[in-house]
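This report concerns only the one structure given below.
The values are calculated or read from the model by the stated rules, or taken from the named source; none is laboratory data. In this text the structure is predicted, and so the values were computed from the model without any measurement. Here the Cβ positions follow ideal geometry from the backbone for every residue, glycine too, while neighbour counts run over all protein chains shown. Only protein heavy atoms, including side chains, enter the accessible area calculation; ligands, DNA and RNA are left aside. Shrake-Rupley method; radii C 1.70, N 1.55, O 1.52, S 1.80 Å.
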Amino acid sequence: MDRLPLELLHKICVLLENKDLKSIRITSSRLQPAAELVLFQTIHVRYSLESLENLRNISCHPNLRLVVRFIDYNFLSVDEHDIQTRNFASWVNSTVESGLCLSSDQIDGFIGALTTDELIKYQSSYSNWMHHQNGLACHQTMTDYLTSILQQLEHLNGFHFSGLDHRQQRRLSSPPMPWSGSYGGTCQIISLESTESGQQLLKDEITFWDFFDAARISQLREISMSRLMLASWNSAASRKVEDFETLSKLETLSLDFRFGHRITNNQTSLLRAMLTNSPVIRSLHVSFDEMIYIEDIKRAPDQTWKVVSLSDMIPTNHHFRHLKYLSLEALITTELDFRIFLKAHKTTLRFLVLSQVHFGFRDGSNLNPGSWVEFFQFLNEEMDLESAQFYRYFSNYWDEIWRFGIKDRQWGPECSKSRVERYATRQGPNPFTSLDNSPKKGVLRWKVEDDDSLRNFGGL
């Protein structure tokens with residue numbers, strides 16, 4: 001054992017459970033460094049004073065602070081309603097009952113089984129917890145915590161940041177991760193998932209930028225974020241577009257924004273700066289959550305201003321030299337612009353995922369913006385994709401409205417959706433049949449076998 005190199009000991013420790021690693025760390029001086037590399041490489045932190053103090057203690061440890069590479073941060077948010085002072089009866093009715101997923105009779109039975117002394121004890125504990133949460137909710141307090149901690153973690157390369165309203169935990173399929181260290185992934189990442197609370201939205205966006213600014217962004221390799229409003233995310237940023245520095249090592253970027261009406265060009269300026277300043281991106285996913293519904297398209301096809309245009313987000317002539325995976329959801333573009341962008345990445349792009357992408361013009365122009373069937377033909381003839389996946393609605397505000405199913409496993413390999421995806425990657429024949437070559441608005445030009453995996457709703 002004494003002759004084994006640290007690298008081999010580390011591989012052995014990776015196979016062990018945390019409880020065994022903790023035991024090894026305090027019983028074997030030879031295995032202690034290897035066990036710490038696994039235990040403290042990823043630190044799981046909850047949004048609580050106690051948990052942040054634990055992280056601070058690690059950051060002050062002369063050895064452990066050099067091991068930490070990754071922080072998995074669970075942002076358990078509160079809002080103004082949570083932190084109001086309540087009397088005992090109000091607390092029982094509004095707090096004890098929440099999150100139990102029980103009927104009113106079951107709740108009465110649950111509360112009835114507790115003594116008054118027990119409830120008072122629980123209220124005291126809850127009030128104490130809320131007091132600390134309220135203190136952490138102060139923006140300056142969080143900034144001070146982050147600054148003091150990150151200054152000590154010299155080799156920290158990223159965050160996983162998930163935000164949850166404590167009253168919404170019942171919606172989760174699994175409970176939040178504990179704060180104690182585990183041998184999680186080694187990638188460098190910032191990830192943020194926000195709450196549903198409207199009062200919390202702006203605070204979450206500010207916290208994202210706090211973490212972003214506190215990190216050594218030149219070392220980041222992956223950034224992941226979800227459920228934030230584009231407008232508030234953009235306005236909450238502490239930097240201006242012209243000051244956005246190069247993310248020189250960023251390889252993976254995943255941004256999921258919440259649906260928002262009235263998206264304007266200036267709201268995408270920071271996103272555009274982030275993308276154009278990431279020269280080595282290999283994987284890119286951007287979603288704006290929801291497009292306008294098919295009924296809205298039929299009633300008011302000029303309402304394209306509700307969504308983001310691809311050219312707002314990425315200049316048409318911009319080239320990511322290493323882009324291999326591209327996923328886009330809920331935006332508009334013209335077929336020509338999309339072709340130009342994809343053709344520039346032909347030598348590297350191998351995986352394409354599209355959902356709710358529509359060919360159209362932001363100004364509501366009455367011109368034909370392109371054809372999806374001809375775009376699929378373009379993918380087949382001029383791109384070298386290994387995989388293509390299409391989900392939900394696609395239209396051109398002219399003569400095509402396609403609905404691709406969401407659940408891949410629901411249909412067999414010969415369903416229409418799979419046939420289109422195989423055609424786009426040169427793994428199958430063209431599944432479309434031309435009905436009319438004249439591009440007249442509202443005239444159905446294409447036919448495909450109609451099943452639940454793919455439906456054609458015809459022209460507008």
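Can you tell me which condition Ile314 does not meet? The list is (1) under 28 Å from Lys249 (Cβ atoms); (2) in contact with a Gly (Cβ under 6 Å, 6 or more places away or on another chain); (3) not small (Gly, Ala, Ser), and all the others hold.
Every listed condition holds for Ile314 apart from (2).
Does segment 341-356 contain at least one residue that is over 27 Å from Thr433 (Cβ atoms) and β-branched (Val, Ile, Thr)?
Yes; the residues of segment 341-356 include at least one that is over 27 Å from Thr433 (Cβ atoms) and β-branched (Val, Ile, Thr).
When you go through His345, His319 one by one, which is the residue that is modelled with pLDDT of 85 or more, open to solvent by less than 10 Å² (accessible area, probe 1.4 Å) and under 21 Å from Thr252 (Cβ atoms)?
Residue meeting the stated conditions: His345.
Quick grid of which residues meet (1) open to solvent by less than 30 Å² (accessible area, probe 1.4 Å); (2) within 17 Å of Leu4 (Cα to Cα):
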site	(1), (2)
Asp20	no, no
Ile24	no, yes
Ser29	no, yes
Pro33	no, yes
Leu37	no, yes
His44	yes, no
Ser48	yes, no
Leu52	yes, no
Leu55	yes, no
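Of all residues in segment 379-424, how many are buried (at least 19 other Cβ atoms within 10 Å of the Cβ), hydrophobic (A, V, I, L, M, F, W, C) and not in a strand (DSSP E or B)?
6
Inside segment 1-89, counting only helices (runs of 4 or more DSSP H) that do not spill past its ends, which hold 3 or more residues that are at pLDDT 85 or above, touching a Lys or Arg at 6+ places or on another chain (Cβ under 7 Å) and not charged (D, E, K, R)?
Filter on segment 1-89 gives 32-39.
Would you be able to tell me the number of residues in segment 322-342 that are among the aliphatic types (A, V, I, L, M) and surrounded by 20 or more Cβ atoms within 10 Å (Cβ to Cβ)?
Total satisfying the criteria: 6.
Return a yes/no flag: does segment 376-394 have any residue that is of a type in the set (Phe, Trp, Tyr) and in contact with a Leu (Cβ under 6 Å, 6 or more places away or on another chain).
yes
Of the conditions (1) under 21 Å from the mean Cα position of the chain (by Cα); (2) assigned to a strand (DSSP E or B), His358 satisfies every one except a single condition; which number is it?
Unmet for His358, out of (1) under 21 Å from the mean Cα position of the chain (by Cα); (2) assigned to a strand (DSSP E or B): (1).
Of all residues being charged (D, E, K, R) and either at pLDDT 85 or above or open to solvent by less than 10 Å² (accessible area, probe 1.4 Å) (or both) in segment 250-289, which is farthest from Tyr393 (Cα to Cα)? Just the residue, please.
Looking at the filtered set, the residue picked out is Glu251.
Quick check on my filter: what residues within segment 232-241 are within 10 Å of Ser269 (Cβ to Cβ) and at pLDDT below 75?
Passing the criteria: Lys240, Val241.
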